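**Q** My structure is below; once you've seen it, I'll send some questions.
No value in this document is a laboratory result; all are computed from the given coordinates. Since this is a predicted model, take the numbers as computed values, not measurements. Heads up, the Cβs are rebuilt from the backbone with ideal geometry, glycines too, and the neighbour counts pull from every protein chain shown.
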Amino acid sequence: MSSLVFLLARSVKNSFLELLRKPAKLILWIFVIAMLGGVLILSMFTRQSADSTLDIIWLKGIFFLFTLLFVAIAIQKGLSNGDVIFDMNDVNFLFVSPVSPRLILMYGIIRMAKMAFGAGFFILFQSNSLGTSFGIGFDAVLLLLLGFILAVCLLQILSLLIYSLTNGNPSRKLMVKVISVLVFLPLIVYAGVQFFKTGNPLLALENTLRSPFIAWAPVAGWASEGVISLISGDVGNGLLFFGLILLSAALLILYIALSNPDYYEDVLVATETAFEKKRVISQGNMNTEAASTKKVKVSRTGIGGLGASALFYKHLRESFRANRLGLWGLSSVITVLGAALFSLLLKDGGGGIITLLQVLMWMQIFLIGTGRGLKELYVHYIYLIPESSFRKIVWSNVEIAFKVLVEAIFIFFTAGLITGASVLLIVAAIAVYVLFSFLLLGINYLSLRWTGADISAGLLMVIYTIAVLVIMLPGLIAAIVIGSMFGDIGVLLGCGILALWELFAAFGCFAFSKGVLHRSDMPVMRTGKQ
Amino acid sequence: MIDVLGMTKKYGRFKANDNITLSVGSGELAVLLGPNGAGKSTLIKSVCGLLRFDGSVTIGGYENHTTEAKRLLGYVPEFPVLYPMLTVAEHLEFIAKAYRLSTWEENAEKLLQRFELDDKKMKLGKELSKGMQQKVSVCCALLPQPKAIILDEPLIGLDPHGIRELKAVISELRESGCALLVSTHMIESMEENWDVTYIMVKGRIERVCRRADLDANQSLEDVYFAITEGNSQEGKS
């Protein structure tokens, strides 16, 4: 036992000492804590404006759906590789040591709780919007976080148990799938009955959320009922459902520990898979397909182009092999459908297409890195091809440019049709979105060029995000100020100004990042623990 | 062919390579030896133009970032990184197209046969074992028939056949006038063919050793341990 306590305590101590040795990391943590403090203070003020708030039952619905997503992931993981509760170093050192497997399992579960806290940390940042929407305070947000952590911990243990029971046994896997559907069947049936009874989807949903069917739905229902009861002051009910989660977790741990002390094999596959993913990324293979076990059929082969253009044709071959829609995979379909749905909600609110544009631009800041061009920078080939840096950069990004342009046309024409926007406004939105993506590529290269890629991936991401905000600011101010002076055509004019600024700034970024391929180190994804 | 002059590579205040000077002539096999963390891979990556550095690196008289230098250079990295969605054959085709090679098919076929990859041509990069990936990586580096080749731990992960073939390829390349810079921990693997050895310790070249400098009863391994672990073993058989 003392060795495990030593491991936990020393890990915490060393993490803290590492923070002191790495000022950039320390600043980042101070920044996050300061933001949390700011959110806490803000939430104290927003609590006063409780008049225009939504019914807390809708918060229960959101929390239920959110937790349900983790239930689905846990079951899926349990049926494939099991969940990752250990690191490879635990496998190499602890599993072969003369420490009781049951104690090691406890150690894994404590570490898992830490990971669950990390996963739910972002909930704390929602306290302001939750306060405004539902009139709840920071204490309620902490309860939401607690409910989430409890649920995730239980789900990780459940995932381990499912793997342990079904590993290599298709009939048991089928049984788990059937049970997973059956336990939610009463809820689905009740919701259906309510819909046919009332004929009103919103009312049916509200009735379902108030029913015991949702409260007793495993894990997601228990957690949402427990949290909302405690927030509403029904302490008894809240403790009952939180207690149910804790009791289930304790029983599952007891079952695993007593029935299967030799659980090492059950956690090994998941641990090795996670380790392999990290290793592949740290060695430069940023393509998600590298770690995928999906069987790929090779039919058409060959690569076109000559010189730097071979990069583009290689990207085409890779994309069309990875999925049938080529450059436009499932994510593109989801984005177009999501944008259409969002447009339906915005239809009556006014300014629909511009709000959609804002949301998509925010998302694009983080999605631009999914293009194959930026991933090429992590592998040596692009540096060694005997062509000019400029040509290589251009050809390696043609794929993402083409993808974004076609996506933008589909998204904004669909949204324009739904919201009734003019063709000119649709074209302006497409221009702003496509040129923003072009600018983001430029900022990515500029960040690499400026830092020499000699920093951690996390810090590079922070620098990139700050650079996006700073570079966009003059264009946004000019667009808003000038646009607001011209009445009806102001929005169109504002979009035009913003698009021009994006084009100008993008050219500037590309010019300043000239020679990025030989003026910065080949970036390495530092994944930390391996 | 490969000339490094006063090359220094820093990470913050830490000097991974400190004022390195080395040269590898045509038809010469230079071996880079050193304990873990000596800075061998950093030096190799800098020579290949993957890292920034202070000093000068030229390949065939051209600064290493120029297209002329890149045309002369082949590189086998320490960890083979293949494109997961390209087949083995497509990796070679990509290199051929990117390097604008006109007649490459026959050479590619020979390389694949030599490394027993001819029956794996339609396999995807992600479906290959690490050893197979290393073989493809070697084939990609050799396809453009470079005049200077840099290999970073090339034998790691290869099966006995792969090791034998790669050693034979290295020997043939040397005979044909190619300049080779090889970093390895497997000293005995280069014992037959080496011309010059650079022994690195803590980012610096501690000793340059030419084959002619050794006594008849002295091996490369003796020299290495003499430098890295003191003089006690120098001179032993």
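**Q** Can you give me the convex hull volume of the Cα atoms of region B:1-107, divided per residue and expressed in Å³?
**A** Details: hull volume 14.9 nm³, N = 107.
It comes to 139 Å³ per residue, whole-number rounded.
**Q** Sort B:82-93, A:179-190 for me by packing, meaning the mean count of neighbouring Cβ atoms within 10 Å per residue, highest on top. The partial results should precede the final answer.
**A** Values: B:82-93: 24.5, A:179-190: 13.9.
The packing order, highest mean first, is B:82-93, A:179-190.
**Q** Could you give the nm distance between label points at B:LYS15 and A:VAL423, where each point is 7 Å from its Cα heading toward the beta carbon?
**A** The two pseudo-label positions are separated by 6.8 nm.
**Q** About its Cα centre, how strong a charge dipole does chain A have in debye, to the nearest 20, once Lys and Arg get +1 and Asp and Glu get -1 at the Cβ? Numbers along the way, then the final one.
**A** Values: 38 positive and 26 negative charges, 269 e Å.
Rounded to the nearest 20 debye, it is 1300 debye.
**Q** Antiparallel DSSP bridges in the protein assembly as shown: what percent, to the nearest 5? Spell out each step's value before the answer.
**A** Numbers: 21 of 38 bridges.
Within the protein assembly as shown, antiparallel bridges account for around 55 percent of the total.
**Q** Shifting gears a bit: Please give the average number of partner chain Cβ atoms lying within 10 Å of the Cβ of each residue in B:85-91, rounded to a whole number. Intermediate results must be reported in sequence, preceding the final value.
**A** Values: counts 15, 7, 6, 0, 4, 8, 3.
Mean number of neighbouring Cβ atoms from other chains: 6.
**Q** Output the Cα-based Rg and Dmax of chain B in Å, rounding Rg to one decimal and Dmax to a whole number.
**A** Looking at chain B, its Cα Rg and Dmax stand at 17.9, 55 Å.
**Q** If you wrap a convex hull around the alpha carbons of region B:103-183, what volume per residue comes out, as a whole number of Å³? Please report the intermediate quantities before stating the final value.
**A** Details: hull volume 7.4 nm³, N = 81.
Dividing the Cα hull volume of region B:103-183 by its residue count gives 91 Å³.
**Q** Restricting things to alpha carbons, find the Rg to Rh ratio for region A:385-470 using the Kirkwood radius for Rh. Walk me through the numbers on the way to the answer.
**A** Working: Rg = 16.4 Å, Rh = 15.0 Å.
Checking Rg against Rh, the ratio lands at 1.10.
**Q** Counting other beta carbons within 10 Å of each Cβ, put B:GLU175, B:GLU165, B:GLU63 in order, fewest first. Don't skip to the end; give the middle numbers.
**A** On the way: B:GLU175 10, B:GLU165 18, B:GLU63 13.
Listing B:GLU175, B:GLU165, B:GLU63 from fewest to most nearby Cβ atoms yields B:GLU175, B:GLU63, B:GLU165.
**Q** Of all chymotrypsin sites (Phe, Trp or Tyr not before Pro) in region A:194-272, which ones are in loop regions per DSSP and have a Cβ with at most 16 other Cβ atoms within 10 Å? Please report the intermediate quantities before stating the final value.
**A** On the way: sites: A:PHE195, A:PHE196, A:PHE213, A:TRP216, A:TRP222, A:PHE241, A:PHE242, A:TYR255, A:TYR263, A:TYR264; in loops: A:TRP216, A:TYR263.
Passing both the DSSP loop test and the Cβ count: A:TRP216.
**Q** At 30 angstrom or more along the helix axis (alpha-carbon based) and mean Kyte-Doolittle of -1.0 or higher, what helices does chain A contain? Whole DSSP H runs only.
**A** Details: long enough: A:23-46 (34 Å, 2.07); A:56-79 (35 Å, 1.95); A:138-166 (41 Å, 2.35); A:235-259 (35 Å, 2.21); A:389-419 (43 Å, 1.26); A:423-451 (42 Å, 1.98); A:457-484 (39 Å, 2.44); A:490-512 (32 Å, 1.96).
Long hydrophobic helices here: A:23-46, A:56-79, A:138-166, A:235-259, A:389-419, A:423-451, A:457-484, A:490-512.
**Q** Would you pull out the residues with amide H under 5 Å of B:VAL201's amide H, same chain only if 5 or more places away, H placed 1.01 Å from N?
**A** B:GLU206
**Q** Could you tell me the convex hull volume per residue, in Å³, taken over the Cα atoms of region B:155-237? Mind showing how you got there, number by number?
**A** Numbers: hull volume 9.5 nm³, N = 83.
Roughly 115 Å³ of hull volume per residue.
**Q** Rounded to whole Å and ordered largest first, report the semi-axes of the equivalent ellipsoid of the protein assembly as shown derived from its Cα gyration tensor (root of 5λ).
**A** Numbers: eigenvalues 530, 245, 132 Å².
Taking √(5λ) for each eigenvalue gives 51, 35, 26 Å, largest first.
**Q** Could you pull the Cα extents of region B:173-219 along its three principal axes, largest to smallest, in whole Å?
**A** Principal-axis extents of the Cα atoms in region B:173-219, largest first: 33, 27, 18 Å.
**Q** In what order do B:THR58, B:THR67 fall by count of nearby beta-carbon atoms within 10 Å, going from fewest to most?
**A** Result, fewest neighbours first: B:THR67, B:THR58.
**Q** Also: Can you list residues from other chains, or at least 5 along the same chain, whose modelled amide H is less than 5 Å from the amide H of B:GLY74?
**A** B:ALA148, B:ILE149, B:ILE150
**Q** I would also like to ask the following. Write down, largest first, the equivalent ellipsoid semi-axes of region A:307-422 in whole Å, where each equals the square root of 5 times an eigenvalue of the alpha-carbon gyration tensor.
**A** Numbers: eigenvalues 224, 37, 24 Å².
The answer is 33, 14, 11 Å, longest axis first.
**Q** Any chance you could list the semi-axes, whole Å, largest first, of the equivalent ellipsoid that the Cα gyration tensor gives for region B:96-237, using √(5λ)?
**A** 34, 16, 13
**Q** When only alpha-carbon atoms are used, what values of Rg and Dmax, in angstrom, describe region A:173-287?
**A** Taking only Cα atoms of region A:173-287, I get Rg and Dmax of 20.3, 58 Å.
**Q** Have a look at A:PRO98, A:GLY78, A:GLY236 and report the one farthest towards the positive end of the charge dipole of the protein assembly as shown, computed about the Cα centre with Cβ charges (Lys/Arg +1, Asp/Glu -1).
**A** A:GLY236
**Q** Among A:ALA308, A:PHE510, A:ASN14, whose Cα sits farthest toward the positive end of the charge dipole of the protein assembly as shown (+1 at Cβ of Lys/Arg, -1 at Cβ of Asp/Glu, about the Cα centre)?
**A** Checked the options; the winner is A:PHE510.
**Q** Now, a different point. Among the listed pairs A:LYS22/B:LYS10; A:LYS277/B:LYS135; B:LYS130/B:LYS202, give every one whose C-alpha distance is greater than 26 Å. The partial results should precede the final answer.
**A** Numbers: A:LYS22/B:LYS10 17 Å; A:LYS277/B:LYS135 22 Å; B:LYS130/B:LYS202 29 Å.
From A:LYS22/B:LYS10; A:LYS277/B:LYS135; B:LYS130/B:LYS202, over 26 Å: B:LYS130/B:LYS202.
**Q** Which residue, chosen from A:GLY452, A:ALA401, A:LEU441, occupies the Cα position most advanced towards the positive end of the dipole of region A:368-518, where the dipole is computed from +1 (Lys, Arg) and -1 (Asp, Glu) charges on Cβ about the Cα centre?
**A** A:GLY452
**Q** What 222 nm value per residue comes from the helices of chain B, counting each DSSP H run with n ≥ 4 as -39,500 (n - 2.57) and dividing by all residues, nearest 500 deg cm²/dmol? Walk me through the numbers on the way to the answer.
**A** On the way: 8 runs with 77 residues, N = 237.
Value at 222 nm, helices only, nearest 500: -9500 deg cm²/dmol.
**Q** Mind checking the dipole of region A:108-254: about its Cα centre, +1 per Lys or Arg Cβ, -1 per Asp or Glu Cβ, Debye to the nearest 20? Could you put the intermediate results ahead of the total?
**A** Working: 7 positive and 4 negative charges, 109 e Å.
In total the dipole reaches around 520 debye.
**Q** Can you give the mean number of other chain Cβ atoms that lie within 10 Å of the Cβ atoms in peptide B:124-136?
**A** Working: counts 6, 5, 10, 3, 0, 0, 0, 0, 0, 0, 0, 0, 0.
Mean inter-chain Cβ contacts per residue within 10 Å come to 2.
**Q** Below 30 Å Cα-Cα, how many Lys pairs turn up in region A:292-420? Only count pairs eight or more apart in sequence, or on different chains, if you could.
**A** Going through region A:292-420 pair by pair, I get 17.
**Q** Fewest first, what order do B:GLU127, B:GLU106, B:GLU206, A:GLU18 take by the number of other Cβ atoms within 10 Å? Before the final figure, lay out the partial values.
**A** Values: B:GLU127 17, B:GLU106 8, B:GLU206 14, A:GLU18 11.
Neighbour counts put them in this order, fewest first: B:GLU106, A:GLU18, B:GLU206, B:GLU127.
**Q** Averaged across A:305-318, how many Cβ atoms of other chains sit within 10 Å of each residue's Cβ atom?
**A** Details: counts 3, 6, 5, 3, 2, 8, 3, 0, 4, 9, 2, 0, 7, 6.
Across the residues of A:305-318, the mean count of other-chain Cβ atoms within 10 Å is 4.
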